[in-house]
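Undergrad: Here it is: the structure, laid out below.
The values are calculated or read from the model by the stated rules, or taken from the named source; none is laboratory data. The structure presented is a predicted model; accordingly, all values stated were derived computationally and were not measured. As a convention, Cβ positions derive from the backbone with ideal geometry for all residues, glycine included, and neighbour counts pool all protein chains shown. Note: accessible area is taken over every heavy atom of the protein model, side chains too, but ligands, DNA and RNA are not part of it. Shrake-Rupley method; radii C 1.70, N 1.55, O 1.52, S 1.80 Å.
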There are 2 protein chains.
Amino acid sequence: MIQAKVAEILESDQFLQEFKVSGWVRSFRSNRFVALNDGSTINNIQCVIDFEKFNPETLKRITVGAAISVKGILKESEGKQQRVEIDVKEVTILGDANPEEVKLTILSPKRHSLEKLREQAHLRVRTNTFGAIMRVRSKLSFAVHSYFQQNNFYYVNTPIITGSDAEGAGEMFKVTNFDLKNPPKNEDGSIDYKKDFFGKETNLTVSGQLEGETYALGLGQIYTFGPTFRAENSNTSRHLAEFWMIEPEIAFCDLDGNMDLAEDFIKYVVKYVLENCKDDLEFLEQRLANEDKTKPAAERSEMGLIEKLKFVLENNFKRVSYTEAIDILKDSKPNKKKKFKYIIEEWGADLQSEHERFLVEKHFKCPVILFDYPAKIKAFYMRLNEDGKTVRAMDILFPGIGEIVGGSQREERLDVLKEKMAELGIEEKELWWYLDTRKFGTCVHSGFGLGFERLVQFVTGMGNIRDVIPFPRTPQSAEF
Amino acid sequence: MIQAKVAEILESDQFLQEFKVSGWVRSFRSNRFVALNDGSTINNIQCVIDFEKFNPETLKRITVGAAISVKGILKESEGKQQRVEIDVKEVTILGDANPEEVKLTILSPKRHSLEKLREQAHLRVRTNTFGAIMRVRSKLSFAVHSYFQQNNFYYVNTPIITGSDAEGAGEMFKVTNFDLKNPPKNEDGSIDYKKDFFGKETNLTVSGQLEGETYALGLGQIYTFGPTFRAENSNTSRHLAEFWMIEPEIAFCDLDGNMDLAEDFIKYVVKYVLENCKDDLEFLEQRLANEDKTKPAAERSEMGLIEKLKFVLENNFKRVSYTEAIDILKDSKPNKKKKFKYIIEEWGADLQSEHERFLVEKHFKCPVILFDYPAKIKAFYMRLNEDGKTVRAMDILFPGIGEIVGGSQREERLDVLKEKMAELGIEEKELWWYLDTRKFGTCVHSGFGLGFERLVQFVTGMGNIRDVIPFPRTPQSAEF
C-alpha cells in the first residue's frame, strides 16, 4: 500500500496498486463520487464508492468538510473530468463536519464573497481560491530566497523591535511592557521609558534598510525578507498595517546596477511561479476572468493573468527619468482636460497613484522604472546628484498595482549625509551607528524595498491586498 | 577585465587575466601586501602593490577598514599562505578610514571581547568571527526553506501582531498606537482599547502555532519561519526578547511522524552547512578551540565543532519517554549526591536544564528526544494519551544547547480540548476559530517549534545567543 498525497496520485501511473490517501471532502455526488482534497494541489482525487458495500452510517458521515481516509485501487477513470480515480475498498471517518453547522460557514458549497471569506480567515484556505493563492505565495517566497542565495546574497534578519525612530518611512506602532493604566512617569509628567523593558522608547520597524546597509558594508550583498509595520489609518485595498518586505542592499553598486537587479529579480520570481504553479495560476486566471465579467468593460483587464505574467518576463521595463515623466504628464490628456485630481503643473510635484497609473497603464503599457526624483520629495539617505536637486532614487510601477519597488543609491558621503540630516532635523546621535558606516570605508551602495504582498497580488490577480496574506492586519481588525 | 568577488577570484584559474575587485582593507603589510575582503568569504585576496609605482598619498590612505577598488593581474602566489594573488596595476580609494578613529572601534586589528563587539553590532559583521557566523546563519536559513519546500510544505506567514493572548507560551509585549501619557479610558478607569488602532488589545506573537494549525488543516503541511517575542526578563546567554522560530505543522501525522520529521530536518540542515560553509566552519572550529583553551579542562568540549556536527548526522537521536528519563535521573549520581539544584523525587517533576544537560551530555551523550510528558506541565493543546495523565509531547535536547525543539501531537478531539481549556480557564470565545478546526473535519496532526538562534548556536559553536543574531534584543537593550 502506498500512502500518498493527492498531487502525487493524480500524476501516478501505478495502476492497480493500492493507495491510501487522507483529506477533506469537497463533494459527494450520487452516494458514489467523493471529491477529496488534501491541500497538496488545487485538484481533487475522485474516490469511487460502491454504496452497497459500505455501512450506511459511514456513508452518511461523508459530508462536505469532513476529514476522511480512504484505501483503494488506482484506476484509469471512465469519466472525462479526470485521468485517474480511486476504487475505494475502505473508508475511515477521521473528523465529521455537521452539515447544519457547515452551512453557516464558508465551507458550504456555494459562492461566498471575498469579504465573507475574510471574516473566516481561519477556514478560507480550504477553498479553491485561497488554497491556490497561498500555494503561490509560498512558492513565490521560495523563489525570493532562491534568487538571492543563487546570486550569493546573504539573508539578514534585521530587528523587528527598534529603538531607532529616524527611518521616516511612516507612522510606527509602539512596543511596550508597561501597564498602560499606570506607566511610570518622570517628575515632569513624561513617561519614564528607562523603566520599560528595553530601557528606552521602542517601536515596530518600518524598514530594515538602515540596519541592512551596515551588513551590506561588511558582507557585500545582503537581503532581508521579514515583516514590517505601518500604523497608518489607511483603510484601502492596497495597504496593510503588517506586511512582508524584501530589501536587498548591495555594496559597490550604483543606481543602474540596482535597477538591473530589481528587474532581473522580478523576472526570476515570476518565471519561477509560471513554471511551478501552473494549475493554481490557471485556476486564478479563470477566477479573474469570471470576476472581470461582472465589471464594466472599461475596468476589465486587457490581458489574462498568465499572459500578463509572460508579458512582464518578455519585455524590458521602461526606464524613464522623473523629469521626462513630468513632461509626459503635463502634456497628457487627463492633465489638460483636468481629469486628474492633482493637476501636474510643474517640476517637483509628487506623483500620485493616478499619475503612476496613467504612465504605466495608458502611456507605456508596461512596467516602468522612474528614476532621479526631486530630492525634496524623497528620503534623507538617497544620493544627491551633481545637479544638486535630484536624487538617485527609483520606483518601479506595475500595471494594476502601482508602486511595487522603491529604491535608491544611498548617500555614501558623510558630509553630504550630515548636511541633509541637519536640514531635516534628524539628530546625529540618533543615527550614530549609521553615520559610522560612512566614516569607516564608505562606498557606493544601493538597495531597494519590495512589498511582498503587492507582488503576490500581481501574480495571483487578486485586487485586495487583504486576500493575499493569511491573517491581514488593518485598522480595527486583528482577529485570529 | 573581469569584475569579481573575492570568493570567485580565490577559486579562479584565469591567470594573467585582469581582474577588478572592491572590498575593505583587512591589513597592509610592508607597504606591499594588502589583504582585501569583500564579505563573500572568510578569506582575503592578497593584493600586491609595488609601492614605487604608486603615489605615496594614495598608499597612505590604504589603512585598515578603508574601502578600496583594485585592478590588477591574477597570478600564482609565491607566498605559501595563498594560492593566488593580484599584481596591482591601479588602486582607487573609495572610502577612507581614519586610523585614529578606527583605533576606537572594533575594526582595529587586535583581539576584542565578544561583549565589546556586541556594543558595536553595526560593525562586528566586518570581523572574521561575525562574518563567518552571519554567512552560516544565512545558509542555514536557506537550508530550512529548501528542506520544507522540497518536501512539499507550504510556507505560511502567521501574524506578528496578534489579538489572541491565549497561546500561553510566555509573557507578551503590548502593541499600541496610543499616546502612553494619556490613553483613552472607559468610565470605570480601564483602558478603552476600542479606540486603539486595531480596536482591541494587541500583542506581539509568542508562536504562530495556533494559526499554523488552521493552515495545516487546509494545505496539509505547512511551516512558518518568522520572528517571535518574549517579554521575559531573562538576562541569560540562552534567551532573546526577539528571536526567529521555525514551526512546521502537519495534518494526518502523529507524534512518531513528528519526531521522524524533526530528526530528518535537523540532519538535513546540518548536512547542508557542512557542505556549503566549509571555510567558515573551519574558522569557527578554530575559534572555539582557542576559546576552549582559556577554560578549565572540565568545561572544554569533548569534540571539535565539525566532529560534533558530523556526530549529529551519523547517529540516531535517542528516543526516551519522560517516565524512563525520570527513572534514570532518580538513580543518577548527581541526584543521589544532591548535586542537582532541583532533586528529582517523583514522577511529574518538571525537568530543569541541569537535568536535561545530564541526560544529553553525561548519560546518553547524543541528541535525545524526550516524549510523553505529564499533562500537567505541558500546554493545553497537546494530545492526551489513553493513560489520562501524559500527553503526546516531545522535546529535543542537544548537547551544549539544551532544548532546541518542542513539539507535540495536537489534541484533535473537540470535547477533550474544550474540557482542558475549561480546566485552565481559557475562554472558548477567545479561541473560537481554533475550536472551529476541531468542528469541521478534525484529524490527527502534529508539529513542533525550533528556535532558529539555538540552531545557529549549535552549528557555529557560539556560547551566547546574542552573538548569532545581527542586532540582539534583550532586557534594557534595543540599540540600532
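Undergrad: Within segment B:40-132, what percent of beta bridges assigned by DSSP are antiparallel, to the nearest 5?
TA: For segment B:40-132, the DSSP antiparallel bridge percentage is about 75.
Undergrad: I would also like to ask the following. So, counting K/R as plus one and D/E as minus one, what does the shell of residues with Cβ under 10 Å around residue A:23 add up to?
TA: After counting each charged neighbour, the total is +1.
Undergrad: Mind checking the dipole of chain B: about its Cα centre, +1 per Lys or Arg Cβ, -1 per Asp or Glu Cβ, Debye to the nearest 20?
TA: 1580
Undergrad: Could you grab the relative contact order for chain A? Cα pairs under 8 Å, six or more apart, rounded to a whole percent.
TA: Relative contact order, chain A: 13 percent.
Undergrad: Can you give me the long-range amide H partners of residue A:198? Hydrogens built in the peptide plane at 1.01 Å from N, cutoff under 5 Å, separation of 5 or more residues or another chain.
TA: For residue A:198, whose amide H was placed from the backbone, the distant partners under 5 Å are B:476.
Undergrad: Follow-up question, since we're still on this one. Starting from the Cα of residue A:77, step 7 Å along the direction of its Cβ; do the same at residue B:339; then give the gap between the two resulting points in nm.
TA: Between residue A:77 and residue B:339, the label points sit 6.6 nm apart.
Undergrad: Measuring from centroid to centroid over Cα atoms, what is the spacing of segment B:399-438 and segment B:1-32 in Å?
TA: Centre-to-centre (Cα) distance: 56 Å.
Undergrad: I've got another one for you. Let me confirm the definition first: pairs of Lys residues in segment B:2-110, 8 or more apart or on different chains, C-alpha distance under 22 Å. How many are there?
TA: Lysine pairs meeting the criterion: 19.
Undergrad: Tell me, what is the percent relative contact order of segment A:1-63, built from C-alpha pairs under 8 Å that lie six or more residues apart?
TA: Here the relative contact order equals 29 percent.
Undergrad: Quick check: Cα centre of segment B:258-301 to Cα centre of segment A:120-151, how many Å?
TA: Measuring centre to centre over Cα atoms gives 32 Å.
Undergrad: Now for a separate question. I need the semi-axes of the equivalent ellipsoid of the protein assembly as shown: take the C-alpha gyration tensor, multiply each eigenvalue by 5, square-root it, list largest first in whole angstrom.
TA: Semi-axes from the Cα gyration tensor: 46, 38, 29 Å.
Undergrad: First measure r as the distance between the Cβ atoms of residue A:324 and residue A:150, then evaluate 1/(1 + (r/R0)^6) with R0 = 30 Å and state the FRET efficiency to the nearest 0.05.
TA: The calculated FRET efficiency here is 0.30.
Undergrad: Leaving out ligands, DNA and RNA but keeping every protein chain, what accessible area does residue A:196 have, in Å² rounded to the nearest 10, with a 1.4 Å probe?
TA: Probe radius 1.4 Å; accessible area of residue A:196 about 10 Å².
Undergrad: Continuing with the same structure: Keeping all protein chains in position, work out how much accessible area residue B:356 exposes to a 1.4 Å probe, and write it in Å² to the nearest 10.
TA: About 20 Å², ignoring ligands and nucleic acids.
Undergrad: Using a 7 Å offset from Cα along the direction of the beta-carbon, what are the separations from residue B:303 to the same position in each other copy, nm, ascending?
TA: Nearest to farthest, the other copies are at 5.4 nm.
Undergrad: Quick check on chain A: of the DSSP beta bridges with both residues there, what percent are antiparallel, nearest 5%?
TA: About 85 percent, rounded to the nearest 5.
Undergrad: While we're on this one: Counting only protein heavy atoms, probe 1.4 Å: which residues of segment A:436-470 lose 30 Å² or more of accessible surface in the full assembly compared with their chain by itself?
TA: A:439, A:440, A:441, A:442, A:470
Undergrad: FRET efficiency for residue A:114 and residue B:50, Cβ-Cβ distance as r, R0 = 56 Å, nearest 0.05?
TA: The pair residue A:114/residue B:50 has a calculated efficiency of 0.20.
Undergrad: Let me ask something else about it. Given R₀ = 35 Å, what would the calculated FRET efficiency be for residue B:377 paired with residue B:237, taking r from the Cβ atoms and rounding to 0.05?
TA: So, using R0 = 35 Å, E works out to roughly 0.90.
Undergrad: Considering only protein heavy atoms, what is the solvent-accessible area of residue A:185 at a probe of 1.4 Å, reported in Å² to the nearest 10?
TA: Rounded to the nearest 10, that gives 100 Å².
Undergrad: I've got another one for you. Would you mind telling me the antiparallel percentage of the DSSP bridges in the protein assembly as shown, rounded to 5?
TA: The answer is about 85 percent antiparallel.
Undergrad: Along each principal axis of its Cα atoms, how long is chain A end to end? Whole angstroms, biggest number first, please.
TA: Largest to smallest, the principal-axis extents are 85, 60, 44 Å.
Undergrad: Normalising by the residue count of segment B:1-130, find the relative contact order in percent from Cα pairs under 8 Å and 6+ residues apart.
TA: Across segment B:1-130, relative contact order equals 21 percent.
Undergrad: Here's another thing I want to ask about it. With a 1.4 Å probe and all protein chains in place, put B:342, B:272, A:147 in order of accessible area, largest first.
TA: B:342, B:272, A:147
Undergrad: Separate question: When a/c reaches 1.5 or more, the comparison of a/b and b/c decides; with that in mind, is segment B:1-155 rounded, prolate or oblate per its Cα gyration tensor?
TA: Oblate shape, in that a/c is at least 1.5 and b/c is the bigger or equal ratio.
Undergrad: With solvent modelled as a 1.4 Å probe, how much accessible area in total do chains B and A shield from it at their shared surface, in Å² to the nearest 100?
TA: The B and A chains share an interface burying roughly 9300 Å².
Undergrad: Something else: Keeping the other protein chains in place, figure out the carbon and sulfur percent of the accessible area of segment A:2-110, with a 1.4 Å probe.
TA: Percent of accessible area from carbon and sulfur atoms in segment A:2-110: 47.
Undergrad: What is the spin-label model distance, in nm, from residue B:195 to residue A:58 if the labels are put 7 Å beyond Cα along the C-beta direction?
TA: Taking the two extended label points, one gets 6.1 nm.
Undergrad: Could you do me a favour and compute the accessible area per residue for the protein assembly as shown, 1.4 Å probe, result in Å²?
TA: Each residue of the protein assembly as shown exposes 42 Å² on average to a 1.4 Å probe.
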